[in-house]
Amino acid sequence: MKINTDEKKIEELLTRGVENIYPSRKDFEKVLMSGKQLTIYNGIDPTGPTLHIGHGSTLLKLRELQDLGHKIILLIGDFTGMIGDPTDKTATRKKLTRKEVLENCKNYAKQAGKILDMKKVEIKYNSKWLGKLVAGDFLELGSEITVQQLLERDMFKKRTEEGKPIYLHEFIYPLLQGYDSVAMNVDVEIGGNDQTFNMLVGRDMMKNRGKEKFVLTTKLLVDPTGKKMGKSEGNMVTLEDMPEDMYGKVMSWPDTLMPLAFEICTRVSINEFEKVLAGDPREAKMRLAREIVSMYHSESAAQKAEENFVKTFSKKETPDEIKEVAVKSKNILDVLVEVGFCSSKGEARRNIEQGGVTVSGEVVKDFNFEVKSGEIIKKGKRYFVKIK
């Protein structure tokens with residue numbers, strides 16, 4: 001297959017949304033310009049059932065490389081996912097069963113297909129090689145990294161200082177991820193900047209075997225405090241979010257996030273989004289939301305989501321289309337959990353105490369309130385559901 005060596009495309013590939021390139025940008029650019037087809041991979045541990053917009057920004061970078069003609073591998077960490085990557089974690093992750101990780105990743109290919117041409121993507125599972133390692137293999141891998149190197153990791157330092165435990169399986173994790181590169185004999189690994197340590201372990205392991213592996217780390221979508229957008233903050237956009245939810249979540253992001261979000265979450269050219277950002281902030285954020293929804297759904301879905309958003313929040317009306325959900329219980333606490341607005345009755349109580357729940361326009365104050373069929377429940381500013 002002929003490899004595209006267009007200088008402008010390679011320039012954007014190496015700059016837009018890129019945090020670092022190892023061993024150097026110059027070396028990687030030279031290989032990209034050589035016309036050699038590279039084998040490039042990104043690994044995803046199935047810790048949840050949906051990919052999110054952070055994964056999406058990495059997938060966009062993979063798509064750039066795919067369009068240049070390079071071979072893309074999407075690695076599902078069905079083995080490492082059972083252990084749990086300790087990156088950025090101040091406490092040990094809950095271990096998952098094999099059944100749980102396989103259930104989580106069953107729709108990953110479909111979700112990744114919103115960005116990648118999956119006909120040209122090879123999907124692999126690291127249990128194929130990691131599940132076959134025996135005690136002697138682990139000891140051999142352990143000789144390729146020192147305890148001092150592992151203790152340099154920020155999250156391990158913090159846990160040590162706070163007297164929190166660090167378990168041996170967490171130490172082993174970077175070795176296992178590093179061995180993925182060896183098993184697949186890749187040329188390049190791409191991942192978020194928070195994965196730098198793990199990816200460089202793999203690079204060292206490849207060097208030990210006489211091969212250079214390039215590592216490209218991408219910028220992370222973080223809030224103004226440097227915290228990753230996540231489930232607990234309620235602002236994480238998943239690739240399976242409905243258009244209205246996706247649009248609403250983006251509109252809830254702080255204005256300071258917009259330059260980074262345009263850069264790593266959209267295909268809008270840098271010159272164009274800089275002009276957009278120089279204008280009215282609200283219009284700029286609406287453009288950002290439209291671009292993101294269009295990419296993962298369609299332009300018509302984005303337009304409809306915007307119309308609903310304007311109607312709901314600017315005119316304080318109810319959206320034209322509201323999801324209907326059949327529930328087993330009538331009690332408001334149970335219903336809020338059943339429809340997915342709250343993860344527990346405790347969370348439902350807190351939302352009611354804070355005046356954040358209305359039924360057919362009336363604020364609910366009673367924990368024993370009973371919901372009738374046909375009534376509309378609203379939580380917060382943008383979550384609506386009709387009970388049937």
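The values are calculated or read from the model by the stated rules, or taken from the named source; none is laboratory data. These numbers come from a predicted model, not from an experiment. Cβ: placed from backbone, ideal geometry, glycine included. Neighbour counts: every protein chain shown.
One table, with the values for the structure above:
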item: Scope segment 339-378; condition outside any loop (DSSP other than H, G, I, E, B) and under 25 Å from the mean Cα position of the chain (by Cα); matching residues; result: Glu347
item: Some residue of segment 163-186 being of a type in the set (S, T, N, Q), more than 30 Å from Asp255 (Cβ to Cβ), surrounded by 22 or more Cβ atoms within 10 Å (Cβ to Cβ) and at pLDDT 95 or above; result: yes
item: Given (1) without any contact (Cβ under 8 Å) to a residue 24 or more places away in the chain; (2) surrounded by 12 or more Cβ atoms within 10 Å (Cβ to Cβ); (3) within 30 Å of Leu260 (Cβ to Cβ); (4) of a type outside the set (Asp, Glu), number of the condition Leu151 does not satisfy; result: (3)
item: Some residue of segment 202-216 being among the hydrophobic types (A, V, I, L, M, F, W, C) and part of a loop (DSSP other than H, G, I, E, B); result: no
item: In segment 209-234, the residues that are surrounded by 17 or more Cβ atoms within 10 Å (Cβ to Cβ) and either at pLDDT below 90 or on the phi > 0 side of the Ramachandran plot (or both); result: Met229
item: Residue tally, condition under 18 Å from Lys323 (Cβ atoms) and at pLDDT 85 or above, over segment 349-358; result: 1
item: Residues within segment 200-219 that are of a type in the set (A, V, I, L, M, F, W, C), in contact (Cβ under 8 Å) with a residue 40 or more places away in the chain and over 11 Å from Asn20 (Cα atoms), tallied; result: 3
item: Some residue of segment 236-252 being over 26 Å from Gln111 (Cβ atoms) and part of a helix (DSSP H, G or I); result: no
item: Which listed residue is over 28 Å from Phe367 (Cα atoms) and touching a residue at least 24 places away in the same chain (Cβ under 8 Å), from Asn308, Asn331; result: Asn308
